[in-house]
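Just below is one structure, and these are the notes that go with it.
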Amino acid sequence: MTSTDPVAGPDVVDVLTADHREFQDLAQQISAAADPGVRRDLTDQLIAELVRHAVAEEMFVYPAMRDHLPNGEEAVEHDTEEHKELERLMKQLEDADTSDPAFEEALGNLRQVLDDHVRDEESEQFPALRAHLPAATLADLREKVELAKKVAPTRPHPAAPNAELFHKLVGPGVGLVDRLRDRLTDRST
């Protein structure tokens, strides 16, 4: 589904949906790649993009869902649990040798959780956001999400809280450290 207001351009739902397609494409490329180095680079890229996306959702989209959707609190709780599971799986992928069977298992599990998460958001939550929020608010959320993704962490931190306040106060510092580590290790993000 795309924004119907040509003046407003893409909204937060459009951006998050495009992210979902990118994640699914990267996961498919990882599965298809034979070269361990290529698999590592693609995996690191997938992890970085997923982490940024999740942090931005938790900072701005989930508060909007809580405030404006009839079942917002339950939806956010469910999505946050899926984010936690994705973080645990990303941590396994981050630490695993791409030729190890444990890597394949973690990748399969990640794809399963990710597909469920995407299906929930795109079939229920995103249409509800569009139904309950004005186009201008959705466009404003897009801008906030895009900015948040620029400073968000690039590595999974499963022990960290998945909370708006934590991400706003501590997240930029963690993101800075992650990006520094990425540069020092030539990690593909």
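No value in this document is a laboratory result; all are computed from the given coordinates. Predicted, not measured: the structure shown is a model, and the values here were computed from it. Positions of Cβ are backbone-derived with ideal geometry, glycine not excepted, and every protein chain shown enters the neighbour counts.
Observations on the model:
- Prolate/oblate/rounded call for the stretch 125-189, Cα gyration tensor, a/c under 1.5 rounded: prolate
- Put a dot 7 Å past the Cα of Asp115, heading toward its Cβ, do the same for His78, and the two dots end up 1.8 nm apart.
- Sorting 13-24, 54-65 by average packing, meaning the other beta carbons within 10 Å per residue, from highest down gives 54-65, 13-24.
- Ordered from longest to shortest, the equivalent ellipsoid semi-axes for the chain are 28, 18, 16 Å, each the square root of 5 times a Cα gyration tensor eigenvalue.
- Packing rank of 41-48, 119-126, where each peptide gets the mean count of other beta carbons within 10 Å, highest leading: 41-48, 119-126
- Relative to the dominant Cα principal axis of the chain, helix 171-184 is inclined by about 30°.
- Neighbourhood charge, 11 Å Cβ-Cβ cut-off, centred on Arg179 and excluding it, Lys, Arg +1 and Asp, Glu -1: +4
- Residues of the stretch 36-72 with amide N under 15 Å of the 7 Å Cα→Cβ point at Leu147: 56-57, 59-61
- Once the Cα atoms are used to define both axes, helix 101-120 deviates from the longest principal axis of the chain by about 10 degrees.
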